[in-house]
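Presented below is the structure to which this report refers.
The values are calculated or read from the model by the stated rules, or taken from the named source; none is laboratory data. Because the structure is a prediction, the values reported are computed rather than measured. Don't worry about glycine lacking a Cβ; one is built from the backbone with ideal geometry, like all the others, and counts go over all protein chains shown. What goes into the accessible areas is simple: the full protein's heavy atoms, side chains included, and nothing from ligands, DNA or RNA. Shrake-Rupley method; radii C 1.70, N 1.55, O 1.52, S 1.80 Å.
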There are 2 protein chains.
Amino acid sequence: MAGKRLVTPRKEPSQRRSRELVDIILKATARVLLKDGYEGCTTNRVAEAAGVSIGSVYQYFPNKESLVVRVMERHQEKLRAVLSEHLLTLQNATLQQAVKTLVRAMLDVHRVEPKLHRVLMEQVPRIGALKALHAQHAAYEPLVVAWIESHRDQLDVPDAKMATWLLIAAVDGVLQRVFLDRPSSLDEEQLATELERLIVSYLRGVT
Amino acid sequence: MAGKRLVTPRKEPSQRRSRELVDIILKATARVLLKDGYEGCTTNRVAEAAGVSIGSVYQYFPNKESLVVRVMERHQEKLRAVLSEHLLTLQNATLQQAVKTLVRAMLDVHRVEPKLHRVLMEQVPRIGALKALHAQHAAYEPLVVAWIESHRDQLDVPDAKMATWLLIAAVDGVLQRVFLDRPSSLDEEQLATELERLIVSYLRGVT
DNA sequence: CCGCGACGCGAGTATTTGCTCACGTTCAGC
DNA sequence: GCTGAACGTGAGCAAATACTCGCGTCGCGG
């Protein structure tokens, strides 16, 4: 009988006023997350920050978790938009060019509302939405695999799937760290160059 | 006047019985973390799991956070022990050998109580202890930097510090991911080999 | 203009949480 | 064995939290 926790809205807003309300609530949630972190992000505080009654919040969100999940989803939609835009340009590019645009793309992705991104990555305990994030990453994998396989002659990669997984994990790990510690001494341009070197070296292989 | 939150014990256990008590409490905390996650890890539940009065918990721990912090610290002491042991062997090793032992070392590190490790990494919101972890990583950086610089003739690295930072971030990111998703299809031996390839390629450079 | 459903409100509730404190128990030194 | 300090207990408190519900308001089809 222990039903799962709902994260879907309990009522779909139909009139314009209510759709705006939902937007206001979500923006307030993001603000509270930034200001007070996840632990301090209570439903009452969100309602207050939104200038909205707590009852109104529960009209469209079944519980606290669903609020944060929706904020994450919205954020990731933006990220995906940015990434997709870049990915279009790498159809017929050289190895160097392709890697370059990919690295810049991922750096760009992390520049979308970096503070919110940081809080979401850093503080939000792993709620369901994180699986969605990994699933999204996984969605891009076949693209990269295909690209690698179509350039096999220039590369030295025994297992395209493995290489893809490894590269995505590595690059993502690096970016994660850059935007968590933000070592100010770190020049972003240099970082990009080195990341490119890392990827190209690995793909080209050595004897 | 808003004092910082204490994480140091409010009273040092002096007799043997009480020292054992502290140990029991910390082990119970770890168990509860595993079973109920961070959110579900309440002081009352920890006391119950330890078969100990809630009052006894507060005799040695000033608040809930300090419990988790101590668990993290203990865990990391173990990790550091494992890593240090491995690092001793790479004084005068070839590039290939050194990288190999390093990769194995880091894989080994993640095998110490992996379930606890996962919960700590995944669920524990970033409390003070995480900074300690990064500081610890940073502590090993100079070692690697020195090693790189002493092997400069065999390598192609413009900036040793940058390269070190990047490699540690990348490898750590990969391992993080391995032990979070645990894609069972992933052969650990193959992963180690590929990680070595990644590192060696980057350090050797390509034209 | 009317009526009804969607909308918005916020005081209030039930529960949970971290934590205290007054009191009983064990231990070490004499 | 006696004594005082260290230890251990758990009922219970103050505060916070997620969430409800009855009521007033708005807006759209007719």
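Seen from B:VAL112, the other residues with C-beta closer than 13 Å to its C-beta sum to a net charge of +2, counting Lys and Arg as +1 and Asp and Glu as -1. Tell me, what is the percent relative contact order of chain B, built from C-alpha pairs under 8 Å that lie six or more residues apart? Once normalised by length, the contact order is 21 percent. The GluC sites (Glu not before Pro) of segment B:10-62 that DSSP puts in a loop, and whose beta carbon has at most 14 other beta carbons within 10 Å, are B:GLU39. Once the Cα atoms are used to define both axes, helix B:160-181 deviates from the longest principal axis of chain B by about 60 degrees.
From other protein chains only, count the Cβ atoms within 10 Å of every residue's Cβ in B:193-200, then give the mean.
Rounded to a whole number, the mean comes out at 5.
Each peptide among B:169-177, B:101-109 gets the average number of other Cβ atoms lying within 10 Å of its residues, and from highest to lowest they stand as B:169-177, B:101-109.
Across segment B:16-62, C-alpha contacts under 8 Å between residues 6 or more apart give a mean separation that, scaled by the residue count, equals a relative contact order of 37 percent.
Between 0 and 90 degrees, the angle of helix B:64-87 with respect to the longest Cα principal axis of chain B falls at about 30 degrees. Working from Cα pairs under 8 Å separated by at least six residues, relative contact order for segment B:56-144 is 35 percent. In degrees from 0 to 90, rounded to the nearest 10, what is the angle of the helix A:95-109 Cα long axis to the longest principal axis of chain A? On a 0 to 90 degree scale, this one is about 20.
Taking 7 Å steps out from each Cα toward its Cβ at B:ARG104 and B:GLU189 produces label points 1.3 nm apart. Taken about its Cα centre, chain B carries a charge dipole of about 1020 debye when Lys and Arg each add +1 at the Cβ and Asp and Glu each add -1 at the Cβ. Among the residues of B:179-192, the average count of other protein chain beta-carbon atoms within 10 Å of the residue beta-carbon is 2. Mean projected area of the convex hull spanned by the Cα atoms of the protein assembly as shown, taken over all viewing directions: 25.2 nm².
Of all chain A residues, the closest to the A-onto-B rotation axis by Cβ, with that distance in whole Å, is A:GLY173, 1. For the pair A and B, the buried accessible area comes to roughly 3700 Å² in total, with a 1.4 Å probe and the value rounded to the nearest 100.
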